[in-house]
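Before any comments, here is the structure.
The values are calculated or read from the model by the stated rules, or taken from the named source; none is laboratory data. All of these numbers come straight from a predicted model, not from anything done at the bench. Ideal geometry is used to build each Cβ from the backbone, glycine not excepted, and the neighbour counts take in all protein chains shown. The area values use the complete protein model at the heavy-atom level, side chains included, leaving out ligands, DNA and RNA. Shrake-Rupley method; radii C 1.70, N 1.55, O 1.52, S 1.80 Å.
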Amino acid sequence: MSGGTLLEVEGLRTLIGQGPGAVRAVDGVSFRIRRGEAFALVGESGCGKSMTALSILGLVPRPAARIVAGSVRLDGTDLLRLPERALREVRGRRIGMVFQEPQTALNPVLSVETQIGEALTRHLGLRGHARREKVLALLREVGIPDPERRLREYPHQLSGGMKQRVVIAMAIACDPELVIADEPTTALDVTLQAQVLELLRRERARRGMALLLITHDLGVVAENADRVAVMYAGELVEEAPCGRFFREPRHPYTRRLFEALPDRRKRARPLAVIPGTVPSLAAPPPGCRFAPRCALADARCREAVPGWTDLGEGHRVRCHAVAEGRAAAAPDAAPPPRARRAVAAAPLLEVQGLAVHFPVRKGVLRRTVGHVRAVDGLSFRIGAGRTLALVGESGCGKTTAGKAVLQLVRPTAGSVRFDGTELTRLRGRALRRRRRDLQIVFQDPYASMNPRMLVGDIVAEGLVAQRIAPGRAERERRVAALLERVGLPADAARRYPHEFSGGQRQRICIARALAVEPRLVVCDEPTSALDVSVQAQILNLLRELQDRLGLAYLFISHDLAVVGYLAHEIAVMYLGRIVEHGPVDAVLDRPLHPYTEALLAAAPTVDTATGRRTVQLPGEPPSPVSPPPGCHFHARCPHAMPACREAYPPETEPDPGHRVRCFLHA
């Protein structure tokens, strides 16, 4: 940090809608950001974080939304008092913006050069050769390979990581004093996330710019912020220097967020959850807005709005319990342990040499010129009541492998045996009957449901297809029981998917999967886009269902903290192949493959005192159309040897049950 106040937000209020039912999206928010400082704004979805950022830039969606009070001073100038023409000169020139979803932030019909160059022409007057050279320099700075080729490409030709780098290049193009990054790593795998965050850290240090980081990932906050503010229901409830925030969180809401974080040390217990949901900002409760969900709330909390309590060293909190000494600094007691169900030793699912190759066709005659080796020889087993986690970067073939197990994608080669039955040989009615035992929960719950169908009909689809409950009354009874099992009221059956939160939609998808009483469920990134509190609810539900029903899970994820909490075994996948496989503790404590080491080193953690070794993983995975010879990882591996470039390493078992494909252990 380099000193004085750069941005001062005071009493900011933004409403959405008109009249008494207007949503108080931002309701009296005040904070300051110093020059060169990284300031993090955290909280659950719907708390007003993104609307705060849009309000600062004057980008609230008009006429639906409007800023009704407060000030936003940038180096003393109140941006809310500026006319639109003057405000346009601030956006991009003095304040840059990195939006949450790079695909929607980029114009699909404009090249990379045109999109970055627009700001250079408008704010710096650069054109022609000078503009192109500046764009090339920016692409090199953000680490995009072969920038001369990439500047002529369009967003659809770029990977997710490269799109985010282009958005960052646009944000820093004119050397702004402040960059606002709104969930810049959401849905990115851990290696891309680490690269994007390292890029922001490097550019912030090099340019001396300040950063407003909006996120719900506390691990990202711990490793990147100088100060932290917690937002709940449109208001700030706690603010502190980053180190003190993680040592002594004081607001009950903040403490519950920490307790909800998944961790291997919590495996014997259900995760702590925050009951209820964020209240409606159209009619927020009187008094403290967290009171309906707070175990410490009393009559005063429900009647009087709490003021700020100064705890010293820049730490302040809005809580009656803290002000009155009723909230201890120590976290609340952990939930009691839950007995785990005994599991059978025999495997339920056996996969051997599974391969899925998609043809690449070109020309008028659509001749096959190659194959995408999405899955290239997987072998693993899962027992009843067990969870195998399949982890790796985006594009490594995890989702395709899950679909191939269920025969939603037909394998090119290999064997998939479920309870002794070879699934690859089944067709038609025989396969449909067998799918009663095999179900899937997709990553995006909203996209996996028909928005025109009632929830009751969505959950009952499997019952109808499998002819399990032919009578309507029996189906309705089963649907009500299923919704209750996943923690939803029976009347949810008469509502539509858009009427539910993200966590509730995922519960509906789990209920649909359970309807046919499966024995194996493929969970494809079921918590990747959820807040930590909602994620804890879903993880507890999955654990409870496994313990009660003996379900087996193939759990696809890139979140190693979630995997460490839920899984029994881990298989690490790289470019269509498993490179390491073993018990969860063995793989996470003693990784044998350099790729696994890199994944663990890249994963953000709230425990900043671990002293872990940082491993920088350069570049992105190679194309599965033309994988490199030898070990597919050798081009990115810090330990690559001549043998790695010549032959694929054989599988070895340095420890019982812990297998790896690496010449370091051959």
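Ile144 fulfils the conditions (1) assigned to a loop (DSSP other than H, G, I, E, B); (2) closer than 24 Å to His216 by Cβ except for a single criterion, (2). Could you please let me know if His129 is assigned to a helix (DSSP H, G or I), at pLDDT 90 or above, closer than 18 Å to Glu203 by Cβ and open to solvent by 10 Å² or more (accessible area, probe 1.4 Å)? So His129 fails the test.
The numbered conditions (1) closer than 22 Å to Glu238 by Cβ; (2) modelled with pLDDT under 95; (3) surrounded by fewer than 22 Cβ atoms within 10 Å (Cβ to Cβ); (4) not aliphatic (A, V, I, L, M) are all true for Glu8 except (2). The listed residues are Leu120, Leu138, and the only one of them that is at pLDDT 95 or above and open to solvent by less than 50 Å² (accessible area, probe 1.4 Å) turns out to be Leu120. Residues in the range 28-50 that are charged (D, E, K, R) and more than 27 Å from the chain's Cα centre (by Cα): Arg32, Arg34, Arg35. For Ala635, are the conditions met, namely being surrounded by fewer than 18 Cβ atoms within 10 Å (Cβ to Cβ) and either in contact (Cβ under 8 Å) with a residue 12 or more places away in the chain or part of a loop (DSSP other than H, G, I, E, B) (or both)? The answer is yes for Ala635. The set of residues from the range 102-117 being in contact (Cβ under 8 Å) with a residue 24 or more places away in the chain and either within 23 Å of Ala38 (Cα to Cα) or part of a helix (DSSP H, G or I) (or both) comprises Pro102, Gln103, Ala105, Val112, Glu113, Gln115, Ile116. Counting only residues that are modelled with pLDDT under 85, of a type outside the set (A, V, I, L, M, F, W, C) and closer than 14 Å to Cys396 by Cβ, the range 580-618 holds 0 of them. Considering the conditions (1) under 30 Å from Ala492 (Cβ atoms); (2) open to solvent by less than 10 Å² (accessible area, probe 1.4 Å); (3) of a type in the set (A, V, I, L, M, F, W, C), Leu390 is excluded by exactly one of them, (1).
Answer yes or no as to whether His320 is touching a helix residue (DSSP H, G or I) at 6+ places or on another chain (Cβ under 8 Å), more than 18 Å from Pro270 (Cβ to Cβ) and at pLDDT 60 or above. Yes, satisfied. Considering only residues of the range 266-320 that are of a type in the set (Val, Ile, Thr) and touching a residue at least 60 places away in the same chain (Cβ under 8 Å), which is nearest to Leu566 (Cα to Cα)? If we take residues in the range 266-320 being of a type in the set (Val, Ile, Thr) and touching a residue at least 60 places away in the same chain (Cβ under 8 Å), then Val273 is nearest to Leu566 (Cα to Cα). For the range 88-102, the set of residues classified as surrounded by 14 or more Cβ atoms within 10 Å (Cβ to Cβ) and not aliphatic (A, V, I, L, M) consists of Arg88, Arg91, Gly92, Arg93, Arg94, Gly96, Phe99, Gln100, Glu101, Pro102, listed by residue number.
Residues of the range 114-142 that are out of contact with any Pro (no Cβ under 9 Å at 6 or more places or on another chain) and among the small types (Gly, Ala, Ser): Gly117, Ala119, Gly125, Gly128, Ala130. Screening Leu599, Leu542 for residues that are open to solvent by less than 20 Å² (accessible area, probe 1.4 Å), within 23 Å of the chain's Cα centre (by Cα) and farther than 29 Å from Arg247 by Cβ leaves exactly one candidate, Leu542. Is the range 16-35 home to any residue that is part of a loop (DSSP other than H, G, I, E, B), open to solvent by 10 Å² or more (accessible area, probe 1.4 Å), within 25 Å of Ile172 (Cβ to Cβ) and in contact (Cβ under 8 Å) with a residue 60 or more places away in the chain? Yes, the conditions are met somewhere in the range 16-35. No other residue among Pro649, Pro628, Pro621, Pro638 is out of contact with any Ser or Thr (no Cβ under 6 Å at 6 or more places or on another chain) and modelled with pLDDT of 95 or more apart from Pro649. Here Glu84 meets each of (1) at pLDDT below 95; (2) acidic (Asp, Glu); (3) under 29 Å from Val196 (Cβ atoms) with one exception, condition (3).
The single condition among (1) over 30 Å from the mean Cα position of the chain (by Cα); (2) part of a helix (DSSP H, G or I); (3) exposed (fewer than 14 other Cβ atoms within 10 Å of the Cβ) that His498 does not meet is (1). Residues that are touching a Pro at 6+ places or on another chain (Cβ under 6 Å) and assigned to a helix (DSSP H, G or I) were ranked within the range 197-245; the one that is surrounded by the most Cβ atoms within 10 Å (Cβ to Cβ) is Val220.
Give the range 11-33 a look and list any residue that's among the hydrophobic types (A, V, I, L, M, F, W, C) and at pLDDT 95 or above, or say none. The answer is Leu12, Leu15, Val26, Val29, Phe31, Ile33. Here Met170 fits the description: in a helix (DSSP H, G or I), surrounded by 13 or more Cβ atoms within 10 Å (Cβ to Cβ), of a type outside the set (Asp, Glu) and in contact (Cβ under 8 Å) with a residue 60 or more places away in the chain. Select from the range 505-530 the residues that are in a strand (DSSP E or B) and more than 9 Å from Val441 (Cα to Cα) and list them in ascending order. Passing the criteria: only Leu520.
Taking the range 555-573 as the range and being open to solvent by 10 Å² or more (accessible area, probe 1.4 Å), part of a loop (DSSP other than H, G, I, E, B) and either touching a Cys at 6+ places or on another chain (Cβ under 9 Å) or of a type outside the set (Asp, Glu) (or both) as the test, the residues that pass are His558, His568. Selection over the range 49-87 of residues that are within 16 Å of Ile33 (Cα to Cα), assigned to a loop (DSSP other than H, G, I, E, B) and open to solvent by 20 Å² or more (accessible area, probe 1.4 Å) gives a count of 2. Taking the range 188-232, which residues are under 26 Å from Leu138 (Cβ atoms), of a type in the set (A, V, I, L, M, F, W, C) and touching a His at 6+ places or on another chain (Cβ under 7 Å)? Val190, the sole residue that qualifies.
Taken as a whole, the condition of being under 23 Å from Val521 (Cα atoms) and of a type in the set (Gly, Ala, Ser) does not apply to Ala647. Applying the criterion of at least 1 residues that are touching a Lys or Arg at 6+ places or on another chain (Cβ under 6 Å), within 25 Å of Phe555 (Cα to Cα) and open to solvent by less than 50 Å² (accessible area, probe 1.4 Å) to the helices (runs of 4 or more DSSP H) found wholly in the range 398-487 leaves 455-465. Does the range 60-81 hold any residues that are among the β-branched types (Val, Ile, Thr) and at pLDDT 95 or above, and which are they? Hits for the range 60-81 are Ile67, Val68, Val72, Thr77. Number of residues in the range 246-271 that are open to solvent by 10 Å² or more (accessible area, probe 1.4 Å) and among the aromatic types (Phe, Trp, Tyr): the value is 2.
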